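Input: a single structure, listed below in structure tokens.
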Amino acid sequence: MTEKKETDIKSAVQTNMTAENVKNVQAEIDTSKTEKVQEKANTDVTDEAYIYIGPTNRTGLIQNTIIKGTRKNVEEYLKEAIDEIPQIKMLIVPVEKLAHSREKMKQEGTLLNKYYNDVLSLSMKIKK
């Protein structure tokens, strides 16, 4: 009878371990599916993001303003500011290039630095 109990206990332990292993494998599969869905959700973004890196100016455009949309849509949205100070257009950069663009903007002799200083000086002029 003792042998039977030992066998039953061993069998129960193995069955319990097997059930636990199945649960762990199922949890891994569920996690994997969730991660794949999240990866896909993050890559389906259709709009781009742009940031204005120029100085805050009299047109109401504030430095570091982030605008989502295509380049064309962003320029249409900021049409009044761009019409007033055309250099603003050159200071709207994709967010992915922000670090590089800021570096160039601070470096004297670069076009971004020139555009930044132009916007700054045009913003200080009194509008007639």
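In table form, for the structure just shown:
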read-out: Contacts under 6 angstrom Cβ, first residue in the range 71-89 being in the same structural domain as G54 (by TED's automatic domain parsing), partner among the basic types (K, R) and assigned to a helix (DSSP H, G or I), 6 or more apart; value: I82/K89
read-out: N21 being under 23 Å from K125 (Cβ atoms) and at pLDDT 60 or above; value: no
read-out: Top-ranked residue in the range 100-128 [being of a type in the set (K, R) and closer than 16 Å to R58 by Cβ; ranked as farthest from the chain's Cα centre (by Cα)]; value: K128
read-out: Those residues of the range 57-99 which are more than 23 Å from the chain's Cα centre (by Cα) and of a type in the set (S, T, Y), in sequence order; value: T59
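The values are calculated or read from the model by the stated rules, or taken from the named source; none is laboratory data. Computed from a predicted model, the values in this text were never measured in an experiment. Counting neighbours? That spans all protein chains shown, and the Cβs are built from the backbone with ideal geometry, glycine included.
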